[in-house]
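Here's the structure we're looking at; comments come further down.
The values are calculated or read from the model by the stated rules, or taken from the named source; none is laboratory data. Quick caveat, the model's predicted, so the values are computed rather than measured. Reconstructed Cβ throughout: ideal geometry from the backbone, glycine too, with neighbour counts over all protein chains shown.
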Amino acid sequence: MTSTPQTAPKTDRSNLIARFTTAVVAAPLVLLVTYLGGVLFLVTCLAFAALALLEFYALGHGRHVQGNYIIGLPIVIGMVLAFTSGRYELELAMLGLAVVGAVIIEAIRHVGDGRFALYRVGITLAGLIYAGFPAAFLADIRNLPNGMLWVYMIFSLTWGTDTLAYFGGRFWGKTPLAPRISPKKTVEGAIVGYIGGAVAAGVALLIGGQLSPVFIPLLVLGPPVAILGDLFESRMKRFFDVKDSHVAGINIIPGHGGVLDRTDALIWVVALCWGYFRLTGIA
């Protein structure tokens, strides 16, 4: 009876050390790749898309409803390449091809169980949308004028929200934010994260000489979108009854689970920023 309360703090400290160590190593690498841009950044986005897709499909392993890797991997890579080359119509065509191909393959594999086949088709398509579009958006943003600054702003907004929400929850968290989805997240942590994300993004824009009222909507909406992205990932894991998103044998982000666990907020923030940039034409 006495071992449980002693083990939990040690486990928590170990997880914190792993998270801190990973952040110290990974963050500078990500910033360097963003600074260099070009083919290296595109390859990084492609690798993210592929790993995120594999992890998304792996979520359904326990329920035997994984997406179709044979269709998903080549299509998601093609989607990112098509999008960043400006051929947006090709990306939509590839999504259509994925739907048709998945329907045919799953119908053949699961004759007599149309509902199960359609579920696998849905997972296949959802993975392409969830992993493919954000990777394509991020690569596209980096190619814009001042693209490096916009990506740094996105990272600052996301990391600021995520990091400050984590520590805000640890030090001041009392009120559960969404106990049925993610019991450890608190309202106090979300508030601290909101402030941290908005301030971090504002500082990035200020340093880059681009801070102006036109970015206020992103500074206001970005942090809650990041929090929603985190909660959405948690809800998905609860639905599939898994602890974290990962591919068996692959653990490239110690202390953070899989790629999706580390980028759940980033996925949503990238989509928000890309849409805002395109709608306003400010980027």
Q. Quick check: anything in region 95-112 modelled with pLDDT of 90 or more, over 20 Å from Tyr130 (Cβ atoms), surrounded by fewer than 22 Cβ atoms within 10 Å (Cβ to Cβ) and hydrophobic (A, V, I, L, M, F, W, C)?
A. no
Q) For residues in region 199-214 being of a type in the set (A, V, I, L, M, F, W, C) and free of Cβ contacts under 8 Å to residues at least 24 places away in the same chain, which is farthest from Gly281 (Cα to Cα)? A) Ile207
Q) From the list Phe56, Phe83, Phe48, which one is in contact with an Asp or Glu (Cβ under 8 Å, 6 or more places away or on another chain) and in a helix (DSSP H, G or I)? A) Phe83
(Q) Condition check: on the phi < 0 side of the Ramachandran plot, at pLDDT 75 or above, of a type in the set (D, E, K, R) and touching a Leu at 6+ places or on another chain (Cβ under 8 Å). Does Glu89 satisfy that? (A) no
Q. Taking region 49-93, which residues are among the acidic types (Asp, Glu) and touching a Ser or Thr at 6+ places or on another chain (Cβ under 9 Å)?
A. Glu55
Q.
For the condition at pLDDT below 95, outside any helix (DSSP H, G or I) and among the acidic types (Asp, Glu), what is the one hit in Asp261, Asp162, Asp244, Asp230?
A. Asp244
Q.
I'd like to know if region 116-136 contains one or more residues that are touching a helix residue (DSSP H, G or I) at 6+ places or on another chain (Cβ under 6 Å), part of a strand (DSSP E or B) and touching a residue at least 40 places away in the same chain (Cβ under 8 Å).
A. no
Q | Among the residues listed as Leu144, Leu205, Leu218, Leu157, the single one being more than 30 Å from His61 (Cβ to Cβ), part of a loop (DSSP other than H, G, I, E, B) and touching a helix residue (DSSP H, G or I) at 6+ places or on another chain (Cβ under 7 Å) | A | Leu144
Q) Pairs under 7 Å by beta carbon, first residue assigned by TED's automatic domain parsing to the domain that holds Pro223 in region 257-278, partner of a type in the set (S, T, N, Q) and surrounded by 21 or more Cβ atoms within 10 Å (Cβ to Cβ), six or more apart or different chains? A) Gly257/Ser245; Gly258/Ser245; Leu260/Ser245; Asp261/Ser245; Ala265/Thr158; Ala265/Thr161; Leu266/Thr158; Val269/Thr158
Q: Run Val65 past the list (1) at pLDDT below 90; (2) in contact with a Lys or Arg (Cβ under 7 Å, 6 or more places away or on another chain); (3) in a helix (DSSP H, G or I) and report the number of the one that doesn't hold.
A: (3)
Q.
Any residue that is exposed (fewer than 14 other Cβ atoms within 10 Å of the Cβ), under 30 Å from Ser85 (Cβ atoms), modelled with pLDDT of 90 or more and not assigned by TED's automatic domain parsing to the domain that holds Arg262 - is there at least one of those in region 10-27?
A. no
Q: Pick out the one residue from Gly209, Gly222, Gly193 that is surrounded by fewer than 16 Cβ atoms within 10 Å (Cβ to Cβ) and closer than 27 Å to Tyr276 by Cβ.
A: Gly209
Q: Determine whether Ser156 is modelled with pLDDT of 85 or more and either hydroxyl-bearing (Ser, Thr, Tyr) or assigned by TED's automatic domain parsing to the domain that holds Asp264 (or both).
A: yes
Q) Would you call Leu149 over 15 Å from Ile75 (Cα atoms), assigned to a loop (DSSP other than H, G, I, E, B) and modelled with pLDDT of 90 or more? A) no
Q) Going through region 169-195 one residue at a time, which ones are part of a strand (DSSP E or B) and over 21 Å from the mean Cα position of the chain (by Cα)? A) Pro176
